[in-house]
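Structure first, commentary second.
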Amino acid sequence: MDRLSELRACFNGRLYTDDLEAQPFVVDWRKQWRGACLAVAQPDTVEDVASVVKWCASTGTPIVAQGGNTGLSGGATPDASGNAIVLSLTRLNRVRGADAINNTITVDAGVLLSDVQLAAAAVDRFFPLSLAAEGTCTIGGNLATNAGGTAVLRYGTARELCLGLEVVTATSEVWNGLRALRKDNTGYDLRDLFIGSEGTLGIITGAVMKLFPKPIGTEVVLVSVATVDDAVALFALARNVMGQSLSACELINPMCVELVETHSTIRSPLPDTAHWIVLLECESFDASDSLRTRMESLLETAMSAGLIADAVIAESDRQRESFWALRENVSEAQGAAGPTIKHDIAIPISSIVDFVRVTNEAVRQFDPDLRFVTFGHLGDGNLHYNFSPSATDADPQTFVAKQERLNEIVHDHVRTYGGSISAEHGLGVLRRDEADRYRSDVERRMQHAVKRALDPLGILNPGKVLPPDPTHIRQLPGRAAR
Ligand SMILES: Cc1cc2nc3c(=O)[nH]c(=O)nc-3n(C[C@H](O)[C@H](O)[C@H](O)COP(=O)(O)OP(=O)(O)OC[C@H]3O[C@@H](n4cnc5c(N)ncnc54)[C@H](O)[C@@H]3O)c2cc1C
């Protein structure tokens, strides 16, 4: 029997071996990485997942787990060798149950993020994880990348929303860690090891996620500010005045607005095109809370302090959506405008003003004409610090050739200010080597020790997250243990 016939014999799910069928699974969302695979396996059950992993372990075949394939760091794309099995989890898509009293929902890993939100709403609860790819990405992918999105300020990242996991280990055992507990101090936190591990430590097959009461009121305001300093001061004021009601604080620079208005039908309601825009969202859970009055009082205080130049409060759900659309369409508009150089960075909020001032200056010294496309989740200290070509970069290749030096300038400054070079998109292959460059020896040793312990054969998404470890002796079939 050839290799694939053996796999077919032990696996009940779908198996795509045809190049054409496999094509969508070997190219990433932005078409930045292209790979090849032996086959795409689409299991329907956790047992099927375990069967695939068992076969891969017995044959030394690499496994690339994949959810909605919306990741932005190349983590879900196999390499070009054609040796790997892509393990697509999208048919593992049952909502296993919701517990409105415990405020939890238990789902298969392949459930779409938007379907988790709908299942929560069906039991009169709210699931806050939200990102522009929510109609395509899966909860398993969200956990494997520790996704952030638009509600981190109030509710936290995917990690903070997760109580329990079910995982098929690299040796094909099923770990049932589906605990629906807010307190559990019974040993090392295995759940947290798998979250954010990008398919390199285990295959997530199920999860218990936290639910929340539904907000009864929401206000969204767009505010025009002259500088990043004013934006940060406004955020600090908003946090004091609005307290726990503040659910999002997003920032976009004037270039973002120009790009969105050029490449879509979305328009900013604020007339001053030279100003930055801050989007503030607040939620209320109490009928007696006059959210609008508190929001207006915040804006008055900010205006008297000279922090803001103008503001518009959304008057309807439609207007709230259109305000968010201005922010959420920046990435797409930047892509439509030509090649991009992107950085997904986190900086302590208290250092953002200095970081932007000093790094902007260093970038201008390198190339005075680059266009800064700076936006992001200001309230989480997460900036998408991006660049588009200048008018003089007529040839896209001239611009793309600047990427390496720009990464170095930006990421060295990120390190100086105590930040992270990957806030919410993971490392995949995109940031793997750079992240390793900034690691201390002790951290590098611990990272590799975890990988060796949980994936002794080195078959889980090899080459992603961590550079190859020369001391990791893979115990491939037929090789005697040392
Ligand atoms: C338009 C757009 C907007 C986005 N906005 C945001 C945003 O605001 N915030 C944010 O954080 N991200 C954002 N992303 C990135 C992306 O949507 C997230 O990383 C998402 O969590 C990926 O989920 P997925 O199911 O598509 O995973 P995939 O892309 O399929 O996989 C991502 C990684 O997780 C691994 N993986 C997937 N499923 C499993 C599993 N079940 N078990 C183990 N490993 C697995 C893969 O091997 C890969 O390494 C955006 C992407 C797009 C295209």
Practice prompt. Taking the convex hull of the Cα atoms, report for region 247-400 its projected area averaged over all directions, in nm².
Written response: 10.5 nm²
Practice prompt. Give the Kirkwood hydrodynamic radius (Å, one decimal) of region 101-252, defined as one over the mean of 1/r across all pairs of different Cα atoms.
Written response: 16.9 Å
Response to the item:
Per DSSP, the loop-located trypsin sites (Lys or Arg not before Pro) within region 181-255 having at most 15 other beta carbons within 10 Å are Arg182, Lys183
Worksheet entry | log10 of Debye I(q)/I(0), alpha-carbon scatterers only, for region 314-393 at 0.17, 0.23, 0.27 Å⁻¹ | -0.79, -1.12, -1.26
Worksheet item: Projected onto the charge dipole of the chain (+1 at Lys/Arg Cβ, -1 at Asp/Glu Cβ, origin at the Cα centre), which of Gln42, Ser316, Gly74 gives the Cα projection farthest towards the positive end?
Response: Gln42
Worksheet item: Placing +1 at every Lys and Arg Cβ and -1 at every Asp and Glu Cβ, with all other atoms neutral, what dipole size does region 379-458 have around its Cα centre, in debye to the nearest 20?
Response: 340 debye
Practice prompt. Could you tell me the largest-minus-smallest coordinate of the C-alpha atoms of the chain on each of the three principal axes, in descending order and whole angstroms?
Written response: 76, 57, 44
Item to complete: Starting from the Cα gyration tensor of region 132-183, take the square roots of the eigenvalues, sort them a ≥ b ≥ c, and report rounded, prolate or oblate (rounded when a/c is under 1.5, otherwise prolate if a/b is larger than b/c, else oblate).
Response: oblate
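Roughly speaking, what % of Cα-Cα pairs in region 29-144 are separated by over 17 Å, rounded to a whole number? Present the calculation step by step, with values, prior to reporting the outcome.
On the way: 3907 of 6670 pairs.
Result: 59 percent of Cα pairs exceed 17 Å.
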Worksheet item: For region 281-407, what is the charge dipole size about the Cα centre, in debye to the nearest 20, if Lys and Arg each add +1 at the Cβ and Asp and Glu each add -1 at the Cβ?
Response: 380 debye
Worksheet entry | Dipole in debye (nearest 20) - the chain, about Cα centre, beta carbon charges: Lys, Arg +1; Asp, Glu -1 | 1440 debye
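Just need the Rg to Rh number for region 190-235, please, alpha carbons only, Kirkwood Rh. Spell out each step's value before the answer.
Working: Rg = 19.5 Å, Rh = 15.5 Å.
We get a ratio of 1.25 for region 190-235.
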Fill in: Sparsely packed GluC sites (Glu not before Pro) within region 161-263, loop by DSSP, other Cβ within 10 Å at most 14
Glu173
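Multiply the residue separation of Glu315 and Trp175 by 0.36 nm, subtract the distance between their alpha-carbon atoms, and state the gained length in nm to one decimal. Provide the component values of the computation, followed by the final result.
Values: separation 140, 0.36 × 140 = 50.40 nm, distance 4.87 nm.
Result: 45.5 nm gained on full extension.
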Worksheet item: Which of Ala57, Thr17, Ala100 sits farthest toward the positive end of the charge dipole of the chain, with +1 on the Cβ of Lys and Arg and -1 on the Cβ of Asp and Glu?
Response: Ala57
Practice prompt. Starting from 0 in steps of 10 Å, tell me what percent of the Cα-Cα pairs of region 214-266 lands in each bin.
Written response: 19, 44, 28, 9
Discussion item. Could you give each residue of region 337-354 its phi-based ³J(HN,Hα) in whole Hz, using Karplus coefficients 6.51, -1.76, 1.60 with θ = phi - 60°, and x for Gly or Pro?
Written reply: 7, x, x, 10, 10, 10, 9, 10, 10, 10, 9, x, 4, 5, 9, 4, 4, 5
Item to complete: Working from Cα positions, state the angle (0 to 90°, nearest 10) between the long axis of helix 254-263 and the longest principal axis of the chain.
Response: 70 degrees
Practice prompt. Quote to one decimal, in nm, the extra length available between Val450 and Glu258 on full extension: 0.36 nm per residue of separation minus the C-alpha distance between them.
Written response: 64.6 nm
Response to the item:
The alpha-carbon pair-distance distribution computed for region 198-326, with 5 angstrom bins and whole-percent values, is 2, 10, 19, 20, 16, 11, 8, 7, 4, 2, 0
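Here, each number is a calculation from the coordinates, and none is a lab measurement. Source: prediction; values computed, not measured. Please note: Cβ atoms are built from the backbone with ideal geometry, for glycine as well, and neighbour counts cover all protein chains shown.
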